[in-house]
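See structure below.
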Amino acid sequence: MSFLVQNFVSPSEAVYCIIIREKRYGKGWYTMEIVKTITGKCRMCYACIRNCPVKAIKVVEGQARVVPELCIACGHCVQVCAQQAKEVQREVEKVEGYLTTKRTIACLAPSFVAEFHPAWPGQVVAALKQMGFAEVHEVAFGAHLVTLEYRRYLQEAGERQGLISTPCPAVVNLVSKYYPKLLSQLIPVVSPMIALGRYLKKKVGPDSRIVFIGPCVAKKGEAQEDEVAGAVDAVLTFLEIKEMLAVRQIDVNSCGNMDFDSEPAYLGRLYPVGGGLLRSAGVDADILANQVLVIEGREDCLEFLKAVNEGQMMPKMVDMLFCKGCINGPMQENKFSAFRRRKIVAEFTRQGLEKATPRPINPDIINLRREFHDKSVFFPRPTEADIRKILAELGKLTPEDELNCGACGYSSCREKAIAVYHGLAENRMCLPYLIAQLEKSNLNLRQELKVFQGQYGQLVGNSAVMQEVYRMIEKVAKTDATVLIRGESGTGKELVARAIHYRSRRSEAPFISINCAALPETLLESELFGHARGAFTGAVTAKKGLFEEAHEGTIFLDEIGDISPGLQSKLLRVLQEGEFIRVGETRPTRVNVRVLAATNRDLEKAVKEGAFRPELFYRLNVITIWLPPLRERRDDIPLLARHFLEKYSRRLGKEITGFTSEAMDALVRADWQGNVRELENVIERAVILAEGKKIEVGDLPRQFRNLSANASGWAYTKGMSFKEAVTAYEINLLVQALEESQWVQARAAEILGLKRSTLNEMIKRYKLRPAKK
Ligand SMILES: Nc1ncnc2c1ncn2[C@@H]1O[C@H](COP(=O)(O)OP(=O)(O)OP(=O)(O)O)[C@@H](O)[C@H]1O
């Protein structure tokens with residue numbers, strides 16, 4: 001069997017497939033897929049598992065799929081799926097094909113009277129004829145044939161005990177797949193559908209097509225079973241036939257009356273109600289003797305079969321229907337109460353009996369017997385240790401941890417663990433486990449975010465100028481003052497804005513950022529202030545602007561120097577009055593928003609030239625934070641470079657631990673016209689290209705390659721102040737020694753000839769730490 005394992009990707013898939021193939025039965029595999037899951041629609045509520053009487057559902061990647069080999073086709077999963085992710089095999093197209101090419105005969109299940117009520121039965125016949133069916137028969141006549149055969153069998157059986165009679169294919173599936181020991185007790189007579197199918201095929205010839213129409217899902221499987229195949233060509237549910245009628249715009253209630261083409265059905269019409277079969281076969285369900293029982297409904301069927309299987313009881317005879325009678329089948333619209341439907345069927349039977357002129361029928365013209373085969377699937381039993389191991393994976397180590405909450409669809413944690421063992425369920429179906437996992441990952445994320453946001457958000461840099469920036473952030477964060485952040489492009493203006501917001505009392509409210517240069521004037525206005533419905537072409541609904549989105553929080557207006565004079569006045573109004581007017585409205589809207597703005601333009605010059613309104617400039621310029629270009633704080637470059645190296649190594653899944661001294665030297669000496677943004681891009685590129693553990697000069701863009709220093713690993717770079725050069729040199733030296741000593745500080749201190757405490761103090765000062773692997 002091991003060869004099979006190799007064919008499957010996941011171990012659970014392998015286990016499952018082996019199990020399914022281990023047991024052979026009948027003439028072939030029973031793999032009809034009667035109920036399918038529409039991929040993507042399943043939302044993991046597990047209602048199908050909860051309601052499946054035999055747990056024939058396998059969850060794969062969050063999609064609950066029916067396992068045909070285990071399914072008894074009762075249709076409960078289809079009924080309970082709120083997302084309508086379960087779909088019953090459709091045969092509408094097949095029948096449409098028959099109607100255009102073949103002589104097609106409709107066979108109506110006896111429950112149709114209740115389904116189409118208040119339409120007259122004859123109106124249903126007329127409607128089907130109008131659709132193109134050549135003849136319309138009552139399956140109740142098939143039931144009558146079956147009744148005759150039952151009587152005969154019961155006579156043959158004499159005093160035999162423990163017989164199970166059922167016209168219900170779901171019960172047959174249940175016995176064949178789950179209680180094969182009881183197969184010999186199933187009365188080997190076909191169902192009314194097959195009896196009628198065989199009768200009609202004999203009567204009208206094999207070329208005609210027989211279509212059964214009823215409320216049942218399991219009938220679709222039954223018609224295709226090896227043991228009875230060929231009698232019925234297609235099975236439509238009541239829902240399918242109603243769909244076909246609707247497409248043709250045929251209203252049954254407006255049709256005339258037509259007679260069935262079948263023979264009288266007598267008591268066969270009673271089959272869809274519990275005990276109907278016994279009544280028509282003349283067997284008494286005597287309560288006092290408790291020898292003949294009528295079992296209907298899922299729970300009773302399961303309980304009864306379990307009891308019989310375990311030898312706890314053995315009545316003389318039992319009549320079983322898996323639904324509470326076919327009148328409660330899954331594929332119908334339940335317009336009326338169950339009692340009303342029962343009454344409608346009884347009334348129809350009574351009328352039929354009154355009208356019927358007895359005609360002798362020779363049931364011998366067709367074979368009404370069938371065989372049943374063992375279709376059970378063998379599941380290896382997990383040992384106690386196997387179950388414990390699965391439970392332990394979910395953190396269920398003691399019996400108290402087993403909550404048996406049923407959220408996964410299984411009634412106990414152990415039952416679910418066994419399903420996991422069999423490859424039918426997944427660990428993550430366990431709700432308490434999932435909640436614990438989510439809480440844990442939420443906590444991790446919060447902690448990561450704290451580290452990520454650090455003291456000043458993502459801002460990295462220890463230079464004197466950055467220290468000054470941090471001091472300013474600290475001061476302004478406590479206020480609500482408007483701040484203008486200035487500096488060349490890529491110097492980190494937006495990061496400063498974020499740091500101010502997250503250190504302010506507004507940190508729990510939104511931080512909204514917009515690049516004012518990125519949008520044309522009209523669009524920017526509606527983006528900032530929102531618009532009324534119909535304010536302009538395309539404004540189908542009213543929309544809030546970013547100022548409203550940022551209510552109670554902060555708005556960051558990047559590239560403020562680029563906005564038009566018209567918008568400048570509107571912005572001034574927000575800053576002065578705290579209100580604005582939505583595009584297309586007349587009434588002002590008030591908001592409580594802190595404004596932070598940034599520009600890399602020379603605003604003073606713009607004011608002088610008349611391109612920027614002076615009042616707005618003064619209003620924005622209450623406090624200014626200047627960010628120096630990177631070339632003026634080169635001592636930050638080693639730290640920034642290591643910061644980006646870590647970020648991209650982690651993101652790209654590479655293990656790069658540092659830079660060669662030549663590469664670092666080249667980085668420190670570069671011109672960085674694009675500032676930190678350019679440095680970040682260069683490092684990202686290098687991480688992608690690097691093949692070794694360290695970034696080399698060759699991993700940097702061409703223009704960097706001539707910049708690297710002499711053999712000592714360091715050279716003075718033009719434009720650097722003495723202090724900057726010394727700091728950068730120090731950092732470079734420290735990192736080299738630390739890396740050489742695998743970050744053992746005692747060893748690094750020895751290499752550098754420093755006291756351990758001095759080295760430790762410098763590591764703290766420069767915030768050095770090993771690159772994460
Ligand atoms: N001090 C810093 N520490 C860490 N990363 C930084 C720093 N400064 C800038 N960056 C990074 O550089 C990039 C550009 O930063 P940001 O957008 O804040 O610059 P900016 O000055 O607002 O640019 P622009 O004027 O073009 O909008 C971002 O990826 C940012 O994370």
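The values are calculated or read from the model by the stated rules, or taken from the named source; none is laboratory data. What you are looking at is a predicted structure, and each value in this text was computed from that prediction instead of being measured. Positions of Cβ are generated from backbone atoms using ideal geometry, with glycine treated the same way; all protein chains shown enter the neighbour counts.
Being at pLDDT below 90, buried (at least 17 other Cβ atoms within 10 Å of the Cβ), part of a loop (DSSP other than H, G, I, E, B) and within 44 Å of the chain's Cα centre (by Cα): is that true of Pro272 here?
Here the answer is yes, as Pro272 does meet what is asked.
Condition check for Ser649 on (1) outside any helix (DSSP H, G or I); (2) away from the ligand (no atom under 12 Å from the Cβ); (3) at pLDDT 90 or above: one failure, at (1).
Can you name the residue in region 457-483 that is over 26 Å from Asp671 (Cα atoms) and not in a loop (DSSP other than H, G, I, E, B) and is also farthest from the ligand (Cβ to nearest atom) among such residues? So the residue we want is Lys475. Within region 563-581, the residues that satisfy the criterion of being in a loop (DSSP other than H, G, I, E, B) and at pLDDT 90 or above are Ile563, Ser564. Against the conditions (1) surrounded by fewer than 18 Cβ atoms within 10 Å (Cβ to Cβ); (2) over 48 Å from the mean Cα position of the chain (by Cα); (3) more than 14 Å from the ligand (Cβ to nearest atom), Arg601 satisfies every one except (3).
Please determine whether any residue of region 443-456 is within 11 Å of the ligand (Cβ to nearest atom) and modelled with pLDDT under 85.
yes
Being free of Cβ contacts under 8 Å to residues at least 12 places away in the same chain, closer than 19 Å to Leu270 by Cα and in a helix (DSSP H, G or I) is true for just one of Arg350, Arg342. Which residue is that? Exactly one residue qualifies, and that residue is Arg350.
Taken over region 177-189, the residue count meeting the criterion of being farther than 15 Å from Phe304 by Cα and touching a residue at least 40 places away in the same chain (Cβ under 8 Å) is 3. Checked against (1) touching a helix residue (DSSP H, G or I) at 6+ places or on another chain (Cβ under 8 Å); (2) more than 17 Å from Lys203 (Cα to Cα); (3) surrounded by fewer than 24 Cβ atoms within 10 Å (Cβ to Cβ), Tyr153 passes all but a single condition, namely (1). Contact annotation: residue pairs with Cβ atoms under 7 Å, 6 or more positions apart or on different chains, pairing a residue in region 631-648 that is within 15 Å of Ile688 (Cα to Cα) with a partner that is charged (D, E, K, R) and not in a helix (DSSP H, G or I), are Glu646/Lys772. For Ser661, the conditions (1) free of Cβ contacts under 8 Å to residues at least 40 places away in the same chain; (2) away from the ligand (no atom under 16 Å from the Cβ) all hold with the exception of (1).
Please go through region 486-503 and give me each residue that is near the ligand (Cβ under 10 Å from one of its atoms) and under 23 Å from Lys767 (Cβ atoms), ordered by number. Gly487, Gly490, Thr491, Gly492, Lys493, Glu494, Leu495, Val496, Ala497, Arg498, Ala499, listed by residue number. Restricting the first member to region 484-498 and to residues that are farther than 15 Å from Phe511 by Cβ, and the second to residues that are within 6 Å of the ligand (Cβ to nearest atom) and of a type in the set (S, T, N, Q), the beta-carbon pairs closer than 7 Å and six or more apart or on different chains are Gly487/Asn600; Glu488/Asn600; Ser489/Asn600.
Under the condition of being of a type in the set (Asp, Glu) and in contact with a Pro (Cβ under 9 Å, 6 or more places away or on another chain), the residues counted in region 524-567 number 2.
If I ask for residues that are crowded, with 19+ Cβ neighbours inside 10 Å and more than 16 Å from the ligand (Cβ to nearest atom), which ones from region 664-680 would you list?
Of the residues in region 664-680, the ones crowded, with 19+ Cβ neighbours inside 10 Å are 664-670, 672, 675-676, 679.
Of everything in region 664-680, those that are crowded, with 19+ Cβ neighbours inside 10 Å and more than 16 Å from the ligand (Cβ to nearest atom) turn out to be Met664, Asp665, Ala666, Arg669.
Comparison of Ile688, Ile637, Ile683 shows that the only residue that is exposed (fewer than 15 other Cβ atoms within 10 Å of the Cβ), in the same structural domain as Glu740 (by TED's automatic domain parsing) and not in a loop (DSSP other than H, G, I, E, B) is Ile688. Within region 605-613, does at least one residue satisfy the condition of being touching a residue at least 12 places away in the same chain (Cβ under 8 Å), closer than 23 Å to Arg505 by Cβ and either of a type in the set (A, V, I, L, M, F, W, C) or not in a helix (DSSP H, G or I) (or both)? No - not one qualifying residue is present in region 605-613.
Within region 522-543, the set of residues being assigned to a helix (DSSP H, G or I) and modelled with pLDDT under 85 comprises just one member, Thr522.
Which residues, taken from region 604-640, are of a type in the set (Lys, Arg) and more than 12 Å from the ligand (Cβ to nearest atom)?
If the condition is that a residue be of a type in the set (Lys, Arg) and more than 12 Å from the ligand (Cβ to nearest atom), then Lys605, Lys608, Arg613, Arg619, Arg631, Arg634 are the ones that fit.
Filtering region 87-122 to residues that are under 20 Å from His144 (Cβ atoms), buried (at least 17 other Cβ atoms within 10 Å of the Cβ) and not hydrophobic (A, V, I, L, M, F, W, C) leaves Pro110, Ser111, Pro121.
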